[in-house]
Amino acid sequence: MHRTNVGIDRRTLLLATGAAGIAAAIGRSAGAQEAPSGSARVGVSEDGYRTDERANIGFFPLNTNIFEALVYLTPDYQIEPRLAESWEFVESGAWRIVLRQDVTFHDGTPFNAEAVKYTMDRIAANGGGVMSIGEESTVIVDDYTVEITPTVVNMRMMEQIGHPNNSILPPGLNPAESRIGTGPFREVEYVAADHYTIEANADYWGEAPGVGEITFQFYPDPTARLLALQAGDVDLIVDVSRESAQQVEASGATLITGPVGAYEAMYFQINGEAPYDLGQDLAVREAVSIAIDRQQVIDSAWQGNAEPGTTMIPPAILGDSASLVAAPELDPERARQLLEEAGWVEGEGGVREKDGRALNLTIINGYGTAADHGSVPELIQAQLADIGVALEIIQTPDTATYEQRLTVGEGDLWLEAGSQNDGNPAFLPELLFSTPVEGGDPESTAYGRAFAPGEAFDTAITRSREATDIAEVQEAAAEAMNIVINEERVVIPLCGFYRLVGHSDAIATFDLHASGVNQVWSSLTMAE
C-alpha cells in the first residue's frame, strides 16, 4: 500500500530540538492564583514563521504558548489531555473527542466544537497533514464533542494532533493577521525578524505562568545570541551552539542540558535527475554511509556535545525496538572496495570515475539553518575524499531557499537537523519518506519525491499507523527506520543531539522540554 502526506509542510512540522524536563502542570482548574510578576528576555533563533495560507505565527517554530492543541506531548513522548478531556476510537474509523468546557479564547470567544472544526477544516484545506484530515473528516456531535475521521485508518491520530501546528484557533482567525488563542500567554507585540512579546493570561483555565511577560528576541546567528547573554541584553538563550557551550559557563552563566531528543543526518536523493542522479547507485550510497566517522564529527564539530547517531528519532520512543536499528559501521576500506566493484575506479586528482563521469556529489546545507551544522560539511567532505568521492558544499541562506532547491531536486546529499515533535513513533520516517501520491503539491511532496524508498517502507509505515498495540507500533517504526538506514541507505545518521540552554542568575527556574517546539514557557520564573 502506498500513501503520502499530501499537503504536509515539512517546515511547519520539524526543527532541531532535544532535551528533557517536564513543563508546567496541565489540566488544573485556574481557581485563585497569584498574579505572575517579572519580565524575562529570551534570545531565540531566526524568525521562521510563515505568512501564507499555512501561516503559523505564534505556534511554530517558536511556540509562544499563545495557542494550545487538544493534547500535550510530555517530555517522555506521552500524550496528556489539554483542550481535549478524553477520546476514544469508534468502529466507524472516527475518533470521538470530548472537549474541555469553560475555556475561552483571549478575546472572550468560547472554545467549543466549532473552533475544533474550523481548525481541522483549515488543515484539510492545506492537504490534510500527517493526520490525513479531509474536508468531511470533522463532524460536530454537540457543543463539546467532535468526531474526526481521517481519510485513511489512522490509529496514531491522537498522538499526532498534539503537534503545535495543530493548535486550535477561534473560527475565522488567520494567524498571519492576528493571534488569539486559549493559552497561558497573550500576544503583546510581534515585530517580524526582531522580537515577539507576550504577557501572562490572567484568565487562563490552567495553572498560571510563573512570569508576567516574556520578550523573545530573534538572533539568527548563535554567536550573537551568546554575546547577548554575556552582555546582559537577554536573560536566557535557547539552542546554544555546541562548539561554544563551554563559553556559557566560562562567562559565569548556567548551562542546562538534557538527554538526546534530536538528530543530525544526511539524506541521499535516490530519485534525482542528472546531474543529481548519482544517488541512484546503491553502491555509492552504501560506500558513503560507511565512510563517515561519526565520532570525529562529534569531537571536532561539536566539542563532544552530542552522541553518535543510530537513527533519526529518539531511541526512547522506540522502547525495546530501539535495539533493532543500528547505524552503519565505519569501514573506509570496505567503502573503497564497494566502489571498485561497482566500476568506480580512481581517476584524476584521486576522484573516482566511471564511464568518463567523475564521482562528484553535492551536499546542501541549510536545514534548520546552515549555522546549525557548524563545520560538519567540511568534515564530511574530507572523509569522503579519503575514499575518492568529491563533495561540493552548497550553503543555502535560509530554510526557504533550502526547500525551494529540494523541490526541484538540485542536490545529492541533504544535511538536516530535526526532532521528534509528536507522540507517534513513526512521525519522522512517515513525514519524510512516504511514497508521494501523483499530482500532489510540489512543495508538499518534495521529500517523498527525492527520498522515498518504496513499497517495503510504505508497508511498515501502514502497519505502524494501523496497529493498536504500542509495542507493534514501535517495532514497525524500527523496521521502517532499518529500511532507510541499512537496506536502502537513504538516511545516514550522524549525531544524536540534546538541547543546550544558557541563562543568567536573573532566572530562578526553567524546565526544558524534550521537543523545543513543545516548550512550555510557564515554567520560567525570575529570581527575586
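Being over 17 Å from Tyr498 (Cα atoms) and of a type in the set (A, V, I, L, M, F, W, C) is the filter here; which residues of the stretch 237-253 pass it? Passing the criteria: Ala250, Ala253. When Glu438, Glu443, Glu488, Glu416 are checked against the criterion of being at pLDDT 95 or above and surrounded by fewer than 24 Cβ atoms within 10 Å (Cβ to Cβ), Glu488 stands alone in meeting it. Given the condition on the phi > 0 side of the Ramachandran plot and at pLDDT below 95, answer yes or no: does some residue in the stretch 136-157 qualify? Checking the stretch 136-157: not a single residue is on the phi > 0 side of the Ramachandran plot and at pLDDT below 95. Taken together, the residues in the stretch 285-306 that are loosely packed, with under 15 Cβ neighbours inside 10 Å and part of a helix (DSSP H, G or I) amount to 3. There is no residue in the stretch 378-388 that is modelled with pLDDT under 95, farther than 14 Å from Ala287 by Cβ and not aromatic (Phe, Trp, Tyr).
Residues of the stretch 181-199 being outside any loop (DSSP other than H, G, I, E, B) and more than 16 Å from Phe59 (Cα to Cα), which ones? Answer for the stretch 181-199, where residues must be outside any loop (DSSP other than H, G, I, E, B) and more than 16 Å from Phe59 (Cα to Cα): there is none. Within the stretch 50-89, being at pLDDT 95 or above, hydroxyl-bearing (Ser, Thr, Tyr) and either surrounded by fewer than 19 Cβ atoms within 10 Å (Cβ to Cβ) or out of contact with any Phe, Trp or Tyr (no Cβ under 7 Å at 6 or more places or on another chain) (or both) holds for Tyr72, Ser86. Charged (D, E, K, R), part of a helix (DSSP H, G or I) and crowded, with 17+ Cβ neighbours inside 10 Å - does that describe any residue in the stretch 377-388? So far as the stretch 377-388 goes, no, none of its residues is charged (D, E, K, R), part of a helix (DSSP H, G or I) and crowded, with 17+ Cβ neighbours inside 10 Å.
Among Glu528, Glu466, Glu455, which is surrounded by fewer than 24 Cβ atoms within 10 Å (Cβ to Cβ) and more than 26 Å from Ser132 (Cα to Cα)?
Numbers: Glu466 fails: more than 26 Å from Ser132 (Cα to Cα); Glu455 fails: more than 26 Å from Ser132 (Cα to Cα).
The unique qualifying residue is Glu528.
Residue count for the stretch 191-214 satisfying the condition of being under 23 Å from the mean Cα position of the chain (by Cα) and either free of Cβ contacts under 8 Å to residues at least 24 places away in the same chain or surrounded by 15 or more Cβ atoms within 10 Å (Cβ to Cβ) (or both): 2.
Taken over the stretch 326-362, the criterion of being β-branched (Val, Ile, Thr) and within 34 Å of the chain's Cα centre (by Cα) is satisfied by Thr362 alone. Could you tell me which residue of the stretch 461-486 is farthest from Asn154 (Cα to Cα), considering only residues that are part of a helix (DSSP H, G or I) and free of Cβ contacts under 8 Å to residues at least 24 places away in the same chain? Per the stated criteria, the residue is Glu472. Among the residues of the stretch 247-288, write down those that are more than 23 Å from the chain's Cα centre (by Cα) and under 18 Å from Ala326 (Cα atoms). Once the filter is applied, which keeps residues that are more than 23 Å from the chain's Cα centre (by Cα) and under 18 Å from Ala326 (Cα atoms), the stretch 247-288 yields Arg285, Glu286, Ala287, Val288.
Rundown of residues vs (1) surrounded by fewer than 24 Cβ atoms within 10 Å (Cβ to Cβ); (2) under 18 Å from Val351 (Cβ atoms); (3) modelled with pLDDT of 95 or more, yes/no style:
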residue: Ala390; (1), (2), (3): yes, yes, yes
residue: Asp398; (1), (2), (3): yes, no, no
residue: Tyr402; (1), (2), (3): no, no, yes
residue: Arg405; (1), (2), (3): yes, no, yes
residue: Asp412; (1), (2), (3): no, yes, yes
residue: Asp422; (1), (2), (3): no, no, no
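Could you go through the stretch 117-133 and let me know if any residue there is in contact with an Asp or Glu (Cβ under 9 Å, 6 or more places away or on another chain), surrounded by fewer than 22 Cβ atoms within 10 Å (Cβ to Cβ), in contact (Cβ under 8 Å) with a residue 12 or more places away in the chain and in a strand (DSSP E or B). Checking the stretch 117-133: not a single residue is in contact with an Asp or Glu (Cβ under 9 Å, 6 or more places away or on another chain), surrounded by fewer than 22 Cβ atoms within 10 Å (Cβ to Cβ), in contact (Cβ under 8 Å) with a residue 12 or more places away in the chain and in a strand (DSSP E or B). Condition (residue is assigned to a helix (DSSP H, G or I), outside the structural domain of Pro377 (by TED's automatic domain parsing), touching a Phe, Trp or Tyr at 6+ places or on another chain (Cβ under 8 Å) and farther than 30 Å from Gln381 by Cα) applied to the stretch 505-519: is it met by at least one residue? Yes; the residues of the stretch 505-519 include at least one that is assigned to a helix (DSSP H, G or I), outside the structural domain of Pro377 (by TED's automatic domain parsing), touching a Phe, Trp or Tyr at 6+ places or on another chain (Cβ under 8 Å) and farther than 30 Å from Gln381 by Cα. Residue check: is Asn174 assigned by TED's automatic domain parsing to the domain that holds Val116 and either touching a residue at least 60 places away in the same chain (Cβ under 8 Å) or within 30 Å of Ser241 (Cβ to Cβ) (or both)? Yes: the conditions hold for Asn174.
Suppose we keep only residues that are not hydrophobic (A, V, I, L, M, F, W, C) and not in a loop (DSSP other than H, G, I, E, B) within the stretch 257-284. Which one would you say is farthest from Ala306 (Cα to Cα)?
Gln280
Of the residues that make up the stretch 418-440, is at least one on the phi > 0 side of the Ramachandran plot and either outside the structural domain of Val351 (by TED's automatic domain parsing) or not hydroxyl-bearing (Ser, Thr, Tyr) (or both)? There is at least one residue in the stretch 418-440 that is on the phi > 0 side of the Ramachandran plot and either outside the structural domain of Val351 (by TED's automatic domain parsing) or not hydroxyl-bearing (Ser, Thr, Tyr) (or both).
Taking only pairs six or more apart or across chains, which ones have beta-carbon atoms under 8 Å, a first residue in the stretch 308-336 that is in the same structural domain as Glu346 (by TED's automatic domain parsing), and a second residue that is buried (at least 16 other Cβ atoms within 10 Å of the Cβ) and of a type in the set (Lys, Arg)? Note: pairs meeting the criteria are Pro308/Arg294; Gly309/Arg294; Ala327/Arg294; Pro328/Arg489; Leu330/Arg294.
For beta carbons closer than 8 Å, sequence separation of 6+ or different chains, a first residue in the stretch 135-148 that is among the hydroxyl-bearing types (Ser, Thr, Tyr) and surrounded by fewer than 22 Cβ atoms within 10 Å (Cβ to Cβ) and a second that is at pLDDT 95 or above and in a loop (DSSP other than H, G, I, E, B), the qualifying pairs are Tyr144/Arg100; Tyr144/Gln101; Tyr144/Asn112.
The values are calculated or read from the model by the stated rules, or taken from the named source; none is laboratory data. Since the structure is predicted, the reported quantities are computational estimates derived from the model, not experimental observations. Reconstructed Cβ throughout: ideal geometry from the backbone, glycine too, with neighbour counts over all protein chains shown.
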